[in-house]
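Report on one structure; see the data block that follows.
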Amino acid sequence: MKNLHQKTLTELQSCLSNGDCSSQELAEHFLYRIEANDQLNAFITVDEQRTLEQAKQADVALKDNLGSALTGIPLAHKDIFCTDGLLTTCGSKILNNFISPYDATVVSRLSHAGMVTLGKTNMDEFAMGSSNETSYYGVVSNPWNTNAVPGGSSGGSAAAVSAGLAPAATGTDTGGSIRQPAAFCGITGVKPSYGRVSRYGMIAFASSLDQAGPMARTAEDAALLLDVMCGFDEHDSTSLRQDPVNFSAQLDKSIEGLKIGLPKSFFSQGLDAEVGDVIDTSIKTLEKMGATIVDINLPSSELAVPCYYVLAPAEASSNLSRFDGVRFGHRAKEYDDLGDMYQKSRSEGFGDEVKRRIMIGTYALSSGYYDAYYSKAQKLRRLISNDFDLAFKQCDIILSPTTPSVAFDKNAKTDDPIAMYLNDIYTIPANLAGLPAISLPAGLNPQGMPIGLHLVAPYLEEGRMLNIAHQFQLNTDFHRAFPENYA
Ligand code: GLN
């Protein structure tokens with residue numbers, strides 16, 4: 001069958017159930033494409049034999065009618081998720097020899113649903129970055145323009161889905177790492193409400209912000225994945241006690257009468273005009289579909305980036321203390337004593353950005369500065385969250401661009417961390433407030449680079465958000481665009 005790599009999960013599902021293709025054929029097709037396009041550097045680890053073995057098992061299940069909606073469909077996992085028996089690096093040198101002894105809950109849930117793991121995707125080191133340039137395993141190229149970055153930190157997952165190396169992938173989002181690369185690579189990416197998806201086996205960056213989510217071609221596909229990924233997990237103390245939710249069943253409602261909130265300040269300074277224009281067109285499309293627009297204010301969100309860059313590094317400095325050369329990962333070859341071994345292993349194992357964050361975080365948590373930085377940032381976080389509560393009294397969903405610009409060139413921001421950090425100006429507020437959010441393809445700029453539309457929903461209202469996104473995709477075809485050289 002042709003063009004299997006351009007199909008959505010729903011389409012692949014019917015290929016499998018009609019007998020048009022087998023899971024093994026699908027796995028072979030995507031494995032071939034991964035190898036043929038390895039210059040994108042989207043994957044860190046691929047284990048063909050293991051993939052084909054899983055596909056064979058899926059074919060047996062399908063033949064015996066024991067499959068679920070996703071049985072036999074391949075996907076890729078961000079290399080932040082522990083995978084039993086498979087290298088799990090988190091993009092870092094310090095874990096370049098770490099074979100996980102267990103599966104993350106996200107991985108085991110998707111595997112139990114019959115999905116086939118294609119491999120582990122490249123990412124910014126410990127998910128710290130917006131361009132994939134902090135990965136120890138090299139930068140990933142954006143399939144739409146290989147001189148540009150794919151975004152980060154889930155850049156490998158985004159590039160893989162965008163170029164048709166995988167029909168879907170997992171990602172994680174602490175400040176925008178699912179949505180920003182989704183926007184840069186022209187795919188759909190969802191960050192669920194905090195607590196929806198288990199963090200067990202997902203290597204921690206900033207535990208109060210980290211959430212796993214799906215990256216796929218369409219909102220419908222993201223819903224299918226989320227149906228499986230969500231659910232209570234006793235292994236994660238922040239996991240929500242929730243009944244199973246069927247997001248896929250909530251997509252068909254009309255959006256007539258929907259109130260969309262536009263945060264005025266998000267559309268002023270710092271937004272590239274070409275992005276603004278595409279978002280304006282999307283707003284008009286949604287209005288034609290029956291939505292009305294209300295202006296809202298999120299005044300504290302102006303300070304979301306500085307707030308995040310105190311809290312996330314503070315949590316990271318604590319989380320990353322476990323990488324000490326003793327228990328797992330890289331250990332320096334020569335050292336004088338225990339202290340020297342810690343120091344050398346960490347100095348050799350961590351990259352610059354990770355070291356920068358550990359230093360900022362340790363400083364913000366130190367006794368003389370805790371009140372001035374950490375506690376103040378926590379108070380600000382509450383204000384940002386309160387703004388959303390107020391805004392959602394006036395509207396059902398909040399719309400903005402996902403990013404201020406399209407994907408930038410490699411090396412363009414590596415010397416200027418602040419410019420890099422500002423990429424997440426529209427995405428970070430949802431993480432700080434624990435809210436669900438999505439980025440979906442909204443068009444291309446004149447040079448043909450993708451632009452993402454960002455929606456934020458009230459807490460636990462993923463169903464509403466996916467419904468709106470799906471309806472938008474029924475009325476547009478931006479999610480069908482495919483990077484020319486990979487079609
Ligand atoms: N780009 C942000 C950072 O560098 C967000 C990363 C993420 O969401 N994991 O921290």
**Fill in**
Those residues of the stretch 7-60 which are surrounded by fewer than 16 Cβ atoms within 10 Å (Cβ to Cβ) and at positive phi amount to Gly19
**Request:** Tell me which residues, restricted to the stretch 319-336, are out of contact with any helix residue (DSSP H, G or I) (no Cβ under 7 Å at 6 or more places or on another chain) and within 16 Å of the ligand (Cβ to nearest atom).
**Result:** Asn319
**Message:** Consider the stretch 104-119. How many of its residues are within 16 Å of the ligand (Cβ to nearest atom) and more than 14 Å from the chain's Cα centre (by Cα)?
**Reply:** 1
**Request:** State all residues of the stretch 35-49 that are aliphatic (A, V, I, L, M) and in a helix (DSSP H, G or I); if no residue qualifies, say none.
**Result:** Ala36, Leu40
**Prompt:** Can you tell which of Ile283, Ile293 is in contact (Cβ under 8 Å) with a residue 40 or more places away in the chain and more than 16 Å from the ligand (Cβ to nearest atom)?
**Reply:** Ile283
**Prompt:** If you take the residues of the stretch 292-316 that are out of contact with any Phe, Trp or Tyr (no Cβ under 7 Å at 6 or more places or on another chain), among the hydroxyl-bearing types (Ser, Thr, Tyr) and assigned to a helix (DSSP H, G or I), which of them is surrounded by the fewest Cβ atoms within 10 Å (Cβ to Cβ)?
**Reply:** Ser300
**Request:** Could you check, for the stretch 259-273, whether at least one of its residues is within 16 Å of the ligand (Cβ to nearest atom) and either crowded, with 24+ Cβ neighbours inside 10 Å or in a helix (DSSP H, G or I) (or both)?
**Result:** no
**Asked** In this structure, is Phe205 crowded, with 24+ Cβ neighbours inside 10 Å, aromatic (Phe, Trp, Tyr) and near the ligand (Cβ under 9 Å from one of its atoms)?
**Response** yes
**Request:** Go through Arg346, Arg331 for me and flag whichever is touching a residue at least 60 places away in the same chain (Cβ under 8 Å) and crowded, with 16+ Cβ neighbours inside 10 Å.
**Result:** Arg346
**Asked** Residues of the stretch 444-481 being within 14 Å of Cys185 (Cα to Cα) and either touching a helix residue (DSSP H, G or I) at 6+ places or on another chain (Cβ under 6 Å) or part of a helix (DSSP H, G or I) (or both), which ones?
**Response** Asn445, Ile451, Gly452, Leu453, Phe478, His479, Arg480
**Number of the condition not met by Gly164 [criteria: (1) in contact with a helix residue (DSSP H, G or I) (Cβ under 8 Å, 6 or more places away or on another chain); (2) over 16 Å from Glu353 (Cβ atoms); (3) within 16 Å of the ligand (Cβ to nearest atom)]** = (3)
**Item:** Of residues in the stretch 398-429 being part of a helix (DSSP H, G or I) and away from the ligand (no atom under 11 Å from the Cβ), the one surrounded by the most Cβ atoms within 10 Å (Cβ to Cβ)
**Value:** Pro429
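Coordinate-derived values only; no laboratory data. Everything quoted here is computed from the prediction, not taken from an experiment. Please note: Cβ atoms are built from the backbone with ideal geometry, for glycine as well, and neighbour counts cover all protein chains shown.
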